[in-house]
Amino acid sequence: MHIAFLTPEYPHERILYAAGIGTSIKNLVVALIKKGIQVSVFVYGQDEDVVFLEEGVKIHLIKNQKYKGFGWYFHRKYIQNYLNKYIVSDTIDLVEAPDWTGITAFMNLKVPVVIRFHGSDTYFCHLEGRKQKLKNFWFEKWAINKAKAFIAPTYFAGELSMKLFGIKDKTIQTIHHGLELDQFQNMNPSVYEKGLILYIGTIIRKKGVLELPAIFKRVRDKFPDAQLVLIGSDSFDVQTNSKSTWELVQHEFDKEDLNHISYLGKIPYQEVKEYLKKAHVCIFPTFAETLGMVTIESMALQKSVVNSSIGWAQELIVDGESGYLVSPKDHDRFADKIVGLLQDDFLCSIIGKAARIKVDTVFNIEKIVGQNVDFYKSIID
């Protein structure tokens, strides 16, 4: 069996961008290779055309093409022709693609297409209560209509996507993203920087970063020595048209609180993991996810997490046992959960251990990979 992944991102030094989608794909790709499954990864929107082998994976970088008109159509047709060439020459059996932007709309591929719900524009606009461009919806809807089947990382994401796109008579399988847990070992979980609160993720409105000033103010009222560290790329803000969401967030913090805040921007992944180990508490007040890779990565490293309580999150954490689930808008309660953890090392230890057990039970890629293989086989057969 030969599986291909079409994606706009993938963690590699030669690839322009990688975040949650890329991380989840790579975790699965590595596990599939270990199972003896042949894998190719096609990364579009790149600065160069190149093909290379990396740890048994054939990686294609597809250079971004520019057109004077109807680029949305001709770009997809260019990728289609590129894919079909290798589908034939490399005997690829199935292509998996993301839902975002409906990249497979207008494509006629020579093998079945499975779409994984990493989070479409339609899905995110619905969760944020934000108006969507009609063009974006129809591109995603068209891609959905042409796909043979779907994978959702949480039951919530699958059910909501099915409703939003009116999916009928097609298979939607819930298969969680997974972690290679050997890469997430914390030999000294009781050793961390007292009072260090860590946020990891894009600095963007939908991730709840504009709730952080109010939450952090309440935390410092009760725990004055608290420190907040933010890691992630800055981004454009859709509501204000600001080029920098971080600038918007900064203006909302009290001046005194800003002395206790560090924004590190985007840093190498290995450094991110080191900050995770140093963190006392990890917080994710997001409004829009399909699963949330950084949440389960934090849990794998036995960190106490205060997370958004929306839909998908209830499949990650048992509230009060393996972390806390709180509405991002409930600033008082969100802050109280953080403070409770900062003031009680034993509670942090208990929740951290339960979090690791939860991840090992539900999000271990060695257990999950077989579900993906069985699903792929059912589509190919």
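The values are calculated or read from the model by the stated rules, or taken from the named source; none is laboratory data. All values reported here derive from a predicted model rather than from experimental measurement. No Cβ is skipped: glycine too gets one built from the backbone with ideal geometry, and neighbour counts run over all protein chains shown.
With respect to being surrounded by 14 or more Cβ atoms within 10 Å (Cβ to Cβ), farther than 24 Å from VAL306 by Cα and modelled with pLDDT of 95 or more, ILE151 fits the description. With the structure loaded, tell me whether LYS85 is modelled with pLDDT under 95 and out of contact with any helix residue (DSSP H, G or I) (no Cβ under 8 Å at 6 or more places or on another chain) or whether it fails that test. No; evaluated as a whole, the condition is false for this residue.
Looking only at residues of the stretch 182-204 that are modelled with pLDDT of 95 or more and outside any loop (DSSP other than H, G, I, E, B), we find that the one that is surrounded by the fewest Cβ atoms within 10 Å (Cβ to Cβ) is LEU196. Taken over the stretch 29-54, the criterion of being aromatic (Phe, Trp, Tyr) and surrounded by 15 or more Cβ atoms within 10 Å (Cβ to Cβ) is satisfied by PHE42, TYR44. For the stretch 337-346, the criterion of being in a loop (DSSP other than H, G, I, E, B), at negative phi and surrounded by fewer than 23 Cβ atoms within 10 Å (Cβ to Cβ) is met by at least one residue.
When the stretch 224-246 is filtered for residues that are touching a strand residue (DSSP E or B) at 6+ places or on another chain (Cβ under 8 Å) and among the acidic types (Asp, Glu), only ASP234 remains. Can you tell me which of LEU228, LEU212, LEU198 is of a type in the set (A, V, I, L, M, F, W, C), in the same structural domain as GLY311 (by TED's automatic domain parsing) and closer than 20 Å to LEU316 by Cα? From the options LEU228, LEU212, LEU198, the qualifying one is LEU198.
Restricted to the stretch 1-28, and to residues there that are surrounded by fewer than 22 Cβ atoms within 10 Å (Cβ to Cβ) and more than 20 Å from GLU289 (Cα to Cα), the residue that is modelled with the lowest pLDDT is LEU16. For the stretch 277-329, taking the residues that are out of contact with any helix residue (DSSP H, G or I) (no Cβ under 8 Å at 6 or more places or on another chain) and in a strand (DSSP E or B), the one that is surrounded by the fewest Cβ atoms within 10 Å (Cβ to Cβ) is identified as ASP319.
The lone criterion from (1) under 19 Å from SER378 (Cα atoms); (2) surrounded by fewer than 23 Cβ atoms within 10 Å (Cβ to Cβ) left unmet by ILE144 is number (2). Residue check: TRP72 meets all listed conditions (1) more than 23 Å from SER120 (Cα to Cα); (2) within 25 Å of the chain's Cα centre (by Cα); (3) aromatic (Phe, Trp, Tyr) but one, namely (1).
Identify, please: which residue in the stretch 1-44 is small (Gly, Ala, Ser) and out of contact with any helix residue (DSSP H, G or I) (no Cβ under 9 Å at 6 or more places or on another chain) and is, among those, nearest to PRO98 (Cα to Cα)?
Checking each candidate, the answer is GLY22.
Please indicate, with yes or no, whether at least one residue in the stretch 242-258 is under 21 Å from LEU196 (Cβ atoms), assigned by TED's automatic domain parsing to the domain that holds GLU274, in a loop (DSSP other than H, G, I, E, B) and in contact (Cβ under 8 Å) with a residue 24 or more places away in the chain. Within the stretch 242-258, one or more residues are under 21 Å from LEU196 (Cβ atoms), assigned by TED's automatic domain parsing to the domain that holds GLU274, in a loop (DSSP other than H, G, I, E, B) and in contact (Cβ under 8 Å) with a residue 24 or more places away in the chain. Filtering the stretch 1-54 to residues that are within 27 Å of ASP381 (Cβ to Cβ) and of a type in the set (Lys, Arg) leaves LYS26, LYS34, LYS35.
Among the residues of the stretch 122-141, write down those that are of a type in the set (A, V, I, L, M, F, W, C) and surrounded by fewer than 16 Cβ atoms within 10 Å (Cβ to Cβ).
Hits for the stretch 122-141 are LEU134, TRP138.
Could you tell me whether the stretch 86-108 includes any residue that is crowded, with 20+ Cβ neighbours inside 10 Å, without any contact (Cβ under 8 Å) to a residue 60 or more places away in the chain, out of contact with any strand residue (DSSP E or B) (no Cβ under 6 Å at 6 or more places or on another chain) and of a type in the set (Phe, Trp, Tyr)? No.
Across the stretch 214-229, the number of residues qualifying as more than 12 Å from PHE334 (Cα to Cα) and either assigned to a helix (DSSP H, G or I) or in contact (Cβ under 8 Å) with a residue 60 or more places away in the chain (or both) comes to 5.
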